[in-house]
Amino acid sequence: MAKTLTERDDIRQWAEARGGNPMLMDTPDGTGTRTLLQLTFGQHAINTEGNEGPDRIGGFQLVSWEDWFAALENGKLALQVSDDLAGGSEAEFEFVERD
């Protein structure tokens, strides 16, 4: 069963309990840019080849929770997570439209 998180504290607690860090990436979108959101879990995920170095053009960058939440709210998104306790600390989630 899934539950949808919209409150900042709930989202942050869920992510941090699983070793999550907020990431953003700006991508070209027609005449402007679009911000993509992501959560990365564990040091290995941060250091993977696709995310190495702040000079990687167009790559995800670690950001503050404040910046990440601003992008989440600007996109009118929420975080849908599994509330199955049997899942333990697994970080299964998806972004969904906020009601």
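The values are calculated or read from the model by the stated rules, or taken from the named source; none is laboratory data. For clarity, every value in this text was computed on a predicted model and none was experimentally measured. Reconstructed Cβ throughout: ideal geometry from the backbone, glycine too, with neighbour counts over all protein chains shown.
Whether a residue is out of contact with any Asp or Glu (no Cβ under 7 Å at 6 or more places or on another chain), modelled with pLDDT of 95 or more, loosely packed, with under 14 Cβ neighbours inside 10 Å and over 13 Å from Trp14 (Cβ atoms) was assessed, and Glu66 passes this test. Within segment 75-84, does at least one residue satisfy the condition of being crowded, with 16+ Cβ neighbours inside 10 Å and modelled with pLDDT under 90? Scanning segment 75-84, I find no residue that is crowded, with 16+ Cβ neighbours inside 10 Å and modelled with pLDDT under 90, so the answer is no. On the stretch given as segment 85-99, residues that are of a type outside the set (Asp, Glu) and modelled with pLDDT of 95 or more total 2. List the number of the failed condition for Leu36; all other conditions in (1) modelled with pLDDT of 75 or more; (2) in contact with a Phe, Trp or Tyr (Cβ under 7 Å, 6 or more places away or on another chain) hold. So Leu36 meets the others, but not (2).
Considering segment 5-21, the residues that are at pLDDT 95 or above and under 11 Å from Trp65 (Cα atoms) include one that is surrounded by the most Cβ atoms within 10 Å (Cβ to Cβ), namely Ile11.
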